[in-house]
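Worksheet: one structure, shown below.
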Amino acid sequence: MAEPDLVTRRGAIDILERGRVAIAGLLGRVPAAELDHPGVGGGEWSPKDLVGHLASWEERALEALAAWGRGEPAPIDREFRSRTLTAINAEAVAAKAGLSYAEVRREARRTHAELLRAIEAIPDGRWGSPATPRGRRPLGHRLGQILVGTGPFAHAQAHVESLRAFVDRFDS
């Protein structure tokens with residue numbers, strides 16, 4: 001039996017796309033010289049860091065899908081057993097720190113497109129079935145938890161207001 005609050009695959013894709021479009025629109029308003037400067041959110045991240053952060057969670061979602069396809073737990077579930085969310089996020093941002101903004105954006109676009117293709121390819125029956133043989137929650141629910149923000153799959157939306165506040169500093 002399907003969960004009544006389970007987001008459909010099409011719904012997940014729509015949410016992911018709305019978030020991508022919102023972030024991209026705001027990034028388009030950031031002066032090029034400011035893309036590597038901190039000030040987003042709590043002030044520590046740059047717009048480039050935010051793009052890398054969002055991409056890192058989409059990478060984790062793809063890793064989870066691959067693991068679940070093998071009947072294994074998602075790697076992020078194992079990470080959460082020994083590390084905090086803050087530590088996981090900091091490591092992901094640090095891993096992309098040496099890349100240029102253009103490289104981070106290119107990698108993020110590639111990852112996003114790959115995630116959308118992967119979601120499209122999941123049969124409805126699999127979407128509504130437990131992610132692993134020992135799991136209880138449907139794969140679609142679990143994937144939405146990895147990409148959670150203001151709701152399932154709405155990770156990008158959770159960062160829109162902090163990016164908007166950063167961008168508003170440049171609009172005169």
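Before moving on, here are some points about what is shown:
- Label-reachable residues, region 62-80, where backbone N falls under 18 Å from a point 7 Å from residue 137's Cα toward its Cβ: 62-69, 71-80
- Matching label, Cα Rg over 2.2 N^0.38 Å computed from the structure shown, candidates [x] 1.06; [y] 1.41; [z] 1.00: [x]
- Under 5 Å from the amide H of residue 153 lie the amide H atoms of 147, 148, each residue being 5 or more positions distant or on a separate chain, with H modelled from the backbone and absent for Pro and chain starts.
- Point-charge dipole on Cβ atoms (K/R +1, D/E -1) for region 1-144, about Cα centre, debye to 20: 340
- Surface/4 of the Cα convex hull for region 15-55, nm²: 2.9
- For region 1-85, accessible area per residue (1.4 Å probe, heavy atoms of protein chains only), Å²: 51
- Note on the chain: with neighbouring protein chains present and a 1.4 Å probe, carbon and sulfur make up 54 percent of its accessible heavy-atom surface.
- Packing-based order for 10-19, 82-91, 46-55, 161-170, using average beta carbon neighbours within 10 Å, highest first: 46-55, 10-19, 161-170, 82-91
The values are calculated or read from the model by the stated rules, or taken from the named source; none is laboratory data. Not measured: the values here are computed from a predicted model. Methodologically, a virtual Cβ is constructed for each residue, glycine included, from the backbone with ideal geometry; neighbour enumeration extends over all protein chains shown. When the accessible area is computed, the model is the full protein with side chains, heavy atoms only, and any ligands, DNA or RNA have been set aside. Shrake-Rupley method; radii C 1.70, N 1.55, O 1.52, S 1.80 Å.
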